[in-house]
Amino acid sequence: MYGNDNWINSYLDAILDAGKGAAGPGGGAGAAARVRGGGGGGYGDRPSLLLRERGHFSPARYFVEEVITGYDETDLYKTWLRANAMRSPQEKNTRLENMTWRIWNLARKKKEFEKEEASRLSKRRLENEKQQNDGTADMSEDLFEGVKGEDAGDPAVAYGDSTTGNTPKISSFDKLYIVLISLHGLIRGENMELGRDSDTGGQVKYVVELAKALSSSPGVYRVDLLTRQILAPNFDRGYGEPDEMLASTSFKNLKYERGKNSGAHIIRIPFGPKDKHLAKENIWPFIQDFVDSALDHVVRMSKTIGEEIGSGCPVWPAVIHGHYASAGVAATLLSGALNVPMVFTGHFLGKDKLEGLLKQGRQTREQINMTYKIMRRIEAEELSLDASEIVIASTRQEIEEQWNLYDGFEVMLARKLRALVKRGANCYGRYMPRMVIIPPGVEFGHMIHDFDLYGDEDNPSLASEDPSIWFEIMRFFTNPRKPMILAIARPYAEKNITTLVKAFGECHPLRELANLTLIMGNREAISKMNKVSAAVLTSVLTLIDEYDLYGQVAYPKHHKHSEVPDIYRLAARTKGAFVNVAYFEQFGVTLIEAAMHGLPVIATKNGAPVEIHQVLDNGLLVDPHDQHSIADALYKMLSEKQFWSRCRENGLKNIHQFSWPEHCKNYLSRILTLGPRHPAFGNKEDQKVPVNCRKCIIVIAVDSVSKEDLVQIIRNSIEATRTGTLSGSTGFVLSTSLTIAEIRSLIKYTGMLPTDFDAFICNSGSDIYYPSQSSDVPSNSRVTFALDNNYRSHIEYRWGGEGLRKYLVKWASSVVERKGRTEKQIIFEDSEHSSTYCLAFRVVNPNHLPPLKELQKLMRIQSLRCHALYNHGATRLSVIPIHASRSQALRYLSIRWGIELPDAVVIVGETGDSDYEELFGGLHKTIILKGGFNTPANRIHTVRRYPLQDVVALDSSNIIGVEGFSSGDIRSAMQQLGIPTQ
């Protein structure tokens, strides 16, 4: 291609000028008019002439930024520059030819990816529609009779939200105890380090202010915000304080008097590595540790509140509220263990994040899962839907476009079920949580004063009494008198800061009119930041240099959380504007804060800002991908003073709708409508309680082994402890998927007495029995087994009962083994091994079992909330209530018996029933028997959506593995765990 410079440039120009983007007569003038705030066409027909007119035309750069977005080929521009620098025409053209083919290949790859992505989304949409349609069709014929069209126009009914009816007045309650959970980020009451890392952002601010606001509301006695204790180096010691009392929020113009109140507290619970700060993706293996410690705190605090108020009876939480997926799992387990209602707020949902990352095309699904533990997160969100009474969303969009992606929620089905509930009809065990829209509130303590409304336009210079952060920002500017464009966002790609800088840098009229301030968190050095944040900051600084924006852009390294209101005030005083052009905004509290301080806003049209704008009407919405649209909107806002004033006044006039008092009023009105659910730990008259001398509890939970091996393990476990000083002070619990009848037979086979055990957890944790002997005669015939009915009251929440059984029978008939044209059913109802809260099914051929996740998905699509598991070497399927499990039964017993979980030892096998991994985590000790007995082959553990290490900390000091299962092996393991046996 020697000598073909013109051919290459013509090739690139032809591509640029072809199709929708072709330049027409007057294209550049039209664009210039738009930049000046005048008319003109949209940017869908943007001419390439415009790029040349602005003096920044580069074909390679154009392709990278506009044509092949989503592929990492940012070195193309450097290749172009090197080619132009070559003295040898032959070498130059060789480089240009190579780059041309790379561009062509990238464009082809992009088209292929878009085609595949469209096909995948279409296929998934059809599958979801089919499953939802099948789900509706599978329901009883009279389920939706007469429902069609009912309450269709009422969004509250559609989502299951309603505050009508006999809602108690908030002022009639004076002892509500509310528990909030937020596990990640750096959480403290004052001087929050927002932006220090990827986990310390809007959610941290939200939960702290929510705790303060709720504690200041009528009827609330105490609010505990549970989070992780952090004792890591280079972190403030305050993050290690076990209890931090939060300053109360002062609400003005409230018509009530606060009485006795215990306030709001941040309770920091140690879990995970003691000297290490964990990112949210790495918290999963330690959640059960948190739950056990949190359970201890809540039980103690409930009793303390009961004593403080004077009733003497424990005051259990009115609600346990999980924030984000990890806290959703924790809230689910706590709610089930205590039998109190659960509320959930997702904040930023995993499926939405996954879809966004896949569209970018930079990572495969496997790579995304490895980086973000995204499948574990999505399953946690599904589990939170299963267990929640209420799901709090910020906007309607979050419900209809984000939650609607999940198996456990579907808008139309929610509407129909809600209509049935209103009519008092039978839902056949189907249930969907109430979706409630309650926008986040803002603190009005820093509300602008009258003298700020029209600041001194002729003299915006700084005085000595002005906030120090003003000086820190103004020192960047050559002309600080210009209106300030303010952006507050962490340096992440999804916040789209680079596009904002490009919009500012390439629009010369805007540069002449305004300054740009970027508040991008706090940093010491870019080299010490994580790779994602460092890359964004480097890109921003590179663009500032490329456009020569020195003296026009401020990017301070540090600011305090308490200084943020002053930053808004400075932008308002200069007659500036706030801008948020994130690719998608979950809510955008900064938009409300800006309005509160009299700043008009330019915001992304993707996500919650659309609904915020409908309320505030204080700015413009833009396409975050279109930098010219962003520039036009900013120019219009800052150049048209009447429009600016109108947006400012609208924001100040309507901002009260986003106040914390309004938020808490809506919040508490929903909480008080929840049905009564109370722990049943107080009634012990009808239950067997271990003798007071018990110092340790041994739980034998070895499953999916032969009967002979299980008998020998039981004998050896008892022998390992009862020959030493623990004899008589150690209690034993058998935890199994067996029925109580099978346990009777097993105990008889061992030659032991049932009274050798303190309790039997059977039917995979759906029942607890206590043995008792009616006389002093040591005979099995005189032993009775007392069922714990209080435990049943804990687990019966949303149990589908007969409706669930009928659906499972129908589903089982569809699971077949195919041999040619012959089909043979492989799953059958097993009435003999079923009970009130355990539906059992017999499996003929485990090799043809569908993955457990498929069955769980079907149940969720049907709105049937349950816990399904394979056991007995995958020869039996058990379906139990959502809050039932062997690990939850152990927590129940520890509270009822008053035994600390660190004093419990759980003995498990190396493999087991599909719930065995739940028995690993927590504060109890775990002994894994790794070999020496025959385990039937099964496929139970090949269907997990995520690796075991994502949910279990196998390197925990509380977990030890031993080869064999002799009494000596077990005794040695106990000694290593610090349990005395001599």
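The values are calculated or read from the model by the stated rules, or taken from the named source; none is laboratory data. What you are looking at is a predicted structure, and each value in this text was computed from that prediction instead of being measured. Because the Cβ atoms are built from the backbone with ideal geometry, glycine has one as well, and the counts that use them run over all protein chains shown. What goes into the accessible areas is simple: the full protein's heavy atoms, side chains included, and nothing from ligands, DNA or RNA. Shrake-Rupley method; radii C 1.70, N 1.55, O 1.52, S 1.80 Å.
Can you name the residue in region 202-222 that is touching a residue at least 24 places away in the same chain (Cβ under 8 Å) and over 16 Å from residue 667 (Cβ atoms) and, of all such residues, is most open to solvent (accessible area, probe 1.4 Å)? Among those residues, the one meeting the criterion is 202.
Residues of region 724-735 that are among the hydroxyl-bearing types (Ser, Thr, Tyr) and at pLDDT below 95: 725, 727, 729, 730. In this entry, residue 892 passes the filter for residues that are closer than 23 Å to residue 700 by Cβ and crowded, with 22+ Cβ neighbours inside 10 Å. Looking across 186, 194, one residue alone is among the hydrophobic types (A, V, I, L, M, F, W, C), open to solvent by 10 Å² or more (accessible area, probe 1.4 Å) and over 15 Å from residue 667 (Cα atoms). It is 194. The set of residues from region 631-677 being open to solvent by 40 Å² or more (accessible area, probe 1.4 Å) and β-branched (Val, Ile, Thr) comprises just one member, 673. Exactly one residue out of 326, 302 is hydroxyl-bearing (Ser, Thr, Tyr), touching a strand residue (DSSP E or B) at 6+ places or on another chain (Cβ under 8 Å) and either in a helix (DSSP H, G or I) or surrounded by 22 or more Cβ atoms within 10 Å (Cβ to Cβ) (or both), and it is 302. Open to solvent by 10 Å² or more (accessible area, probe 1.4 Å), at pLDDT 90 or above and not in a strand (DSSP E or B) - does that describe any residue in region 816-828? No, because not a single residue in region 816-828 is open to solvent by 10 Å² or more (accessible area, probe 1.4 Å), at pLDDT 90 or above and not in a strand (DSSP E or B).
Yes/no per residue for (1) over 18 Å from residue 768 (Cα atoms); (2) acidic (Asp, Glu); (3) touching a Pro at 6+ places or on another chain (Cβ under 9 Å); (4) open to solvent by less than 10 Å² (accessible area, probe 1.4 Å):
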residue	(1), (2), (3), (4)
861	yes, no, no, no
866	yes, no, yes, yes
872	yes, no, yes, no
883	no, no, no, yes
886	no, no, no, yes
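Looking at region 918-949, which of its residues are crowded, with 18+ Cβ neighbours inside 10 Å and at pLDDT 75 or above? Hits for region 918-949 are 918, 919, 920, 921, 922, 923, 924, 925, 926, 927, 928, 929. Selection of region 406-429 for residues being over 24 Å from residue 320 (Cα atoms), outside any loop (DSSP other than H, G, I, E, B), open to solvent by less than 50 Å² (accessible area, probe 1.4 Å) and hydrophobic (A, V, I, L, M, F, W, C) yields 411, 413, 417, 419, 420. A single member of 533, 562 is of a type in the set (S, T, N, Q), buried (at least 17 other Cβ atoms within 10 Å of the Cβ) and at pLDDT below 95, and it is 533. Checked against (1) in a loop (DSSP other than H, G, I, E, B); (2) more than 30 Å from residue 235 (Cβ to Cβ), residue 544 meets all criteria but (1). Residue 621 falls short of the stated requirement of being touching a Pro at 6+ places or on another chain (Cβ under 7 Å), in a helix (DSSP H, G or I) and either touching a residue at least 24 places away in the same chain (Cβ under 8 Å) or on the phi < 0 side of the Ramachandran plot (or both). The single condition among (1) open to solvent by less than 30 Å² (accessible area, probe 1.4 Å); (2) touching a helix residue (DSSP H, G or I) at 6+ places or on another chain (Cβ under 7 Å); (3) touching a residue at least 60 places away in the same chain (Cβ under 8 Å); (4) closer than 23 Å to residue 671 by Cα that residue 361 does not satisfy is (4).
Please find, within region 962-982, the residue that is modelled with the highest pLDDT out of those that are open to solvent by less than 40 Å² (accessible area, probe 1.4 Å) and touching a Lys or Arg at 6+ places or on another chain (Cβ under 6 Å).
Top of the filtered list is 977.
A Cβ distance below 7 Å, combined with a sequence gap of six or more or placement on separate chains, defines the contacts here; from region 819-833, residues that are free of Cβ contacts under 8 Å to residues at least 40 places away in the same chain reach residues that are open to solvent by 70 Å² or more (accessible area, probe 1.4 Å) and not in a loop (DSSP other than H, G, I, E, B) in the pairs 826/848; 828/842.
For residues in region 737-777 being among the polar types (S, T, N, Q) and part of a strand (DSSP E or B), which is farthest from the chain's Cα centre (by Cα)? Among those that are among the polar types (S, T, N, Q) and part of a strand (DSSP E or B), it is 773.
Residue 573 falls short on exactly one of the conditions (1) touching a Gly at 6+ places or on another chain (Cβ under 9 Å); (2) open to solvent by 50 Å² or more (accessible area, probe 1.4 Å); (3) within 15 Å of residue 590 (Cα to Cα), and that condition is (3). Taking region 438-491 as the range and being part of a loop (DSSP other than H, G, I, E, B), within 37 Å of the chain's Cα centre (by Cα), modelled with pLDDT of 55 or more and β-branched (Val, Ile, Thr) as the test, only 438 passes. If only residues of region 838-855 that are in contact with a strand residue (DSSP E or B) (Cβ under 6 Å, 6 or more places away or on another chain) and modelled with pLDDT of 90 or more are counted, the one that is most open to solvent (accessible area, probe 1.4 Å) is 842. Condition test on residue 603, is it modelled with pLDDT of 90 or more and part of a helix (DSSP H, G or I)? No; evaluated as a whole, the condition is false for this residue. Of all residues in region 329-348, which are under 15 Å from the mean Cα position of the chain (by Cα), assigned to a helix (DSSP H, G or I) and over 10 Å from residue 388 (Cβ atoms)? Matches in region 329-348: 329, 330.
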